[in-house]
1. Among A:Y9, B:Y361, which comes first, second and so on when ranked by fewest other beta-carbon atoms within 10 Å?
2. Counting partner chain Cβ atoms within 10 Å of every residue's Cβ in A:113-122, what's the average?
3. Can you put B:F417, B:F338 in order of Cβ neighbours within 10 angstrom, beginning with the fewest?
4. All other residues with a Cβ under 14 Å from the Cβ of A:D52 taken together, and with Lys, Arg as +1 and Asp, Glu as -1, what is their net charge?
5. When the Cα centres of the stretch B:205-245 and the stretch B:64-104 are compared, how far apart do they sit, in Å?
6. What residues have an amide H closer than 5 Å to that of B:S204, excluding those fewer than 5 places away on the same chain, when H is modeled at 1.01 Å from N in the peptide plane?
7. Kindly express, to the nearest 10 degrees and within the range 0 to 90, the angle between helix B:219-237's C-alpha long axis and the longest C-alpha principal axis of chain B.
8. How would you order A:70-77, A:26-33, B:375-382, B:462-469 from highest to lowest mean count of nearby Cβ atoms within 10 Å?
Amino acid sequence: MSFEASIWYLVALLTLGTGAYVVFTRNIVRAAFALVFTFLGVAAMYVFLRADFLAAAQLLIYGGGITVLLLFGVMLTHRHEGMELKLDPLKALPAVAIAGGFFVAIWSAARRADWDLVAPVEPVGTSEAIGSAIMTTHLLPFEEISVLLLVVLIGALFVARRSGEEEGS
Amino acid sequence: MPHSIDSLSFEASTAATIESLGQIVPELIVTCTVLAIVLVDLFFIRGKGKRQGPLEMVVLAGMGAALIATWAGFAGEPRAVFGTMMVVDPFSSFFDAVFLLATVLFVFSTMMSNEIAVADRSEYYTLAVGSVLGMMLMASSTDMVSIFISVEFVSLASYVMAGFVRGDRRSSEASLKYVLYGSVSSAVLLFGFSYLYGLTGTTSLIEANQVLYASNPYPLALLFALVLVIAGLGFKIACVPFHFWAPDVYEGAPTPVTAFFTVAPKAAGFALLSRFLVTLLSNPSTSPGFWTFLGSLDWPLLVGILAAGTMTLGNFGALRQTNMKRLLAYSSIAHVGFVLMAVSTLSPEGLHAIIVYMAAYLVMNLGAFLVVIAIRERTGSVDLRDYDGLANDAPMLVVAMVVFLYSLTGLPPSLGFLGKYYVFAETIRQEIWWLAAIGAVNSVIALYYYFRVAKALVFRPLRERQWTGAIPELATSLSVALAAVTLVFGVPWGAFEKVTTYSATLFLGR
């Protein structure tokens with residue numbers, strides 16, 4: 001096993017392990033912390049895929065921003081420690097069965113499909129290509145997102161203001 | 001691959017972008033309307049003395065201008081803009097008009113309802129008009145990137161709109177349910193897209209179509225990808241078995257929003273679904289006007305089964321409802337089944353049937369909801385038991401309601417009949433007998449619960465009670481006008497036929 005491959009397996013183990021912890025733990029604060037490591041693992045996966053810009057974005061937005069927001073949200077909404085998540089093994093059975101069936105379907109489809117493969121390339125910066133794509137071929141989705149963000153911000157403000165007023169009254 | 005920013009190609013693409021912008025004037029007008037709502041609210045409506053009027057004028061003016069622009073572009077050559085990100089063709093223009101008209105009726109129904117506080121109207125209209133922009137993009141997107149963004153656009157705005165009643169637990173619950181189910185369905189859709197991208201190496205549907213026909217990929221992987229995409233979109237249009245969120249959300253949301261949800265986003269979902277299937281899967285080498293599809297898999301059967309399940313479960317669900325919003329929610333699921341029946345034929349005639357059906361559904365369903373809103377103003381209730389004998393109280397309104405119910409059932413001569421006629425005609429022409437039979441049985445079931453409403457309104461005695469308000473004048477005149485449209489257009493009419501047939505033209509990049 002080459003050095004790169006062994007690192008890859010290590011990262012995969014970290015991602016899956018912490019991911020499983022997020023799902024199975026009963027303590028929501030611990031779950032949120034474990035999620036940081038899952039996100040970091042995914043960022044590392046992007047590095048292996050030569051997607052440096054995506055890795056940086058994943059690190060900044062998910063590893064940093066989203067998890068911090070999540071933790072703040074959890075800590076501010078559950079003032080009393082010990083909000084336990086319910087895990088009912090009996091109810092989990094059908095979920096496991098469906099998830100298992102889904103996994104088999106993905107696996108058998110993925111294994112035999114002729115994927116449109118790209119030969120491994122030397123690591124090169126992708127930011128420039130992404131930047132020029134956003135300004136040329138993908139200008140429309142970029143602008144769509146800017147309008148979307150405006151609308152969503154207004155919606156978020158409405159929701160926040162409303163719940164604030166409800167608490168006040 | 002690293003692109004070097006070549007100034008020549010950059011200039012060429014800038015020129016192409018500017019040219020493309022000229023092709024999407026209706027979308028630009030709607031975008032400007034969103035901004036105008038925010039600015040008008042900021043500068044012209046001050047303090048606590050908020051009143052109805054200015055914002056509604058802005059929205060109506062914006063929608064009117066966009067409608068004119070849509071009409072002006074309707075006869076244009078079908079074309080792709082922004083590369084192959086989206087296309088502008090009669091099909092997309094027709095659906096744009098459906099969304100814009102639905103928004104106009106939505107504004108009127110909001111004005112006559114007291115469910116939305118006047119102080120919240122600017123956010124409310126921003127979200128609604130924003131979602132209309134998303135729908136217009138949904139109807140014309142031919143690239144998985146822009147498809148996903150536009151679908152999310154509509155979904156995110158809808159989540160907030162469903163919870164727009166202050167301090168109402170039902171409404172908040174509807175909103176939360178919508179968010180949870182909606183985000184899962186978006187993830188499913190995206191996962192399907194990732195498979196398609198992996199198989200074809202492109203996000204453009206037009207290019208992916210050519211790759212699929214050139215390479216003939218492993219059928220199981222393609223089936224898996226498409227089942228995921230159809231499931232993701234199925235959630236958005238509430239087709240069985242992805243419909244379970246719909247009755248709760250439609251009941252909890254403010255009534256004008258429910259009315260809007262049952263028509264506009266569904267039309268957008270159908271426009272996207274049919275464009276997606278035809279653009280991606282139809283054989284590029286056959287002549288226009290006749291489509292054949294990737295061999296190996298039986299798409300019509302797959303969609304047909306969904307259609308049969310959707311209309312049957314929707315109708316049986318509606319049978320026992322006493323809440324009008326829930327009843328119309330289940331009935332809208334049943335109508336989704338009928339439209340899916342048209343989708344399953346996968347032919348230009350089927351596309352024509354979808355177009356006629358959606359136009360008919362727009363008029364009759366929004367009409368029925370207008371009456372429900374008006375009655376809610378009068379009796380303070382959306383319960384069927386409070387509908388007894390209202391024909392004596394508001395005769396014109398009830399006459400209009402009976403016309404809408406008649407049309408929703410699909411009896412001639414009405415718009416609803418015309419819609420069903422084209423759906424059945426195409427199903428029978430393709431000799432899908434089992435589906436036609438299930439559809440026929442379902443029409444009879446629908447007759448029962450629609451006429452239960454009509455019976456309560458007309459034949460039961462009016463009870464003594466406390467009225468909570470008056471029937472809005474606007475509601476009566478508007479619903480009578482819509483009822484007239486339902487009947488007049490229910491007679492096959494040359495120009496209508498011509499417009500809808502022309503609207504079934506898709507740009508497929510060939």
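1. Result, fewest neighbours first: A:Y9, B:Y361.
2. 4
3. Values: B:F417 21, B:F338 27.
Placing the least packed residue first, the sequence is B:F417, B:F338.
4. -1
5. 25
6. It is B:M144, by chain and number.
7. 30
8. B:375-382, A:26-33, A:70-77, B:462-469
We did not get these values from a lab; they are worked out from the coordinates using the rules stated. No experiment lies behind these values; they were computed from the predicted model shown. Note that each Cβ is placed from the backbone with ideal geometry, even for glycine, and that neighbours are counted across all protein chains shown.
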